[in-house]
């Protein structure tokens, strides 16, 4: 019984960490190219809503995933248009997109389902295998397509960034775009690629949130995009390290949920603060030690 409880806790950590990992990978690609992506929160929210809407209209979770990715990439393209094409401030643009996503999804929620809080339940993505009833859920989690995809994407992102010509060029655009131009690299094109990749990955993070709950609820991301950004910084803009940081934040959230259910006597409000306090402490501890790409957030004319 104790082993089952321990495994259930580990399963909870992984389940919570999956959207953090996907969003942190997205932020890594964007910022490695020189575009600060504060909009991860809004892009995740758009991906979650588009997944549920697509699944609802087509009765197909697979088409819902494609809709979720498309919705997230479309919102990421807004960031690219303002920040890359018109040289707008990346932070201000990202915050505006987050606010837009909250308002737009709430409006569409009311329009489609006549509710300001949640959608109807939709068919979700099923794991490839089932474990014994009453077990820890480890088999289902380890064979869930999105969990497997997230694990592969961590490895794939590392290879793409540090072992390919594309990754070298993307990193050059984030570190020294003027030098990249002299080598014939089209900086704007590479930055667009980074932003759109970040939209795809953050969209998958939103898809996981909605698929895990079988529905969309108002503002269901709940600050996860910002925690993913913190994990990306903690991981020093490297996919593997960022994924490790996401597991740390996921463990803090899982611990908070577990303590709430055990009647520990600690006020609920304090427990709910735990993941965010850890995020702040982590970022404070990294001040002066985590060096972002040199040209991140700086418009490039050329």
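Throughout, read-outs are computed from the coordinates displayed, never taken from laboratory work. None of the values given here were measured: they were computed from a predicted structure.
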Worksheet item: Of the residues 250, 103, 235, which exhibits the maximal mean-square fluctuation in a Gaussian network model of the chain defined by a 10 Å Cα contact cut-off?
Response: 103
Item to complete: For the chain, find the longest principal axis of its Cα atoms and tell me its angle to the long axis of helix 224-234, 0 to 90°, nearest 10.
Response: 60 degrees
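What number, rounded to the nearest 500 deg cm²/dmol, is the helix-based mean residue ellipticity at 222 nm of the chain, given -39500 (n - 2.57) per DSSP H run of at least four residues and division by all its residues? Could you put the intermediate results ahead of the total?
On the way: 12 runs with 213 residues, N = 302.
For the chain, the value works out to -24000 deg cm²/dmol.
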Discussion item. Quick check: the angle from helix 165-175's long axis to the longest principal axis of the chain, C-alpha only, nearest 10 degrees?
Written reply: 80 degrees
Worksheet entry | Choice from 252, 77, 290 showing the highest fluctuation, given a GNM over the chain with Cα pairs closer than 10 Å | 290
Discussion item. Which residue fluctuates most in the GNM of the chain (Cα springs below 10 Å): 222, 26, 206?
Written reply: 222
Fill in: Between 0 and 90°, nearest 10: helix 90-113 axis offset from the chain longest Cα axis
40 degrees
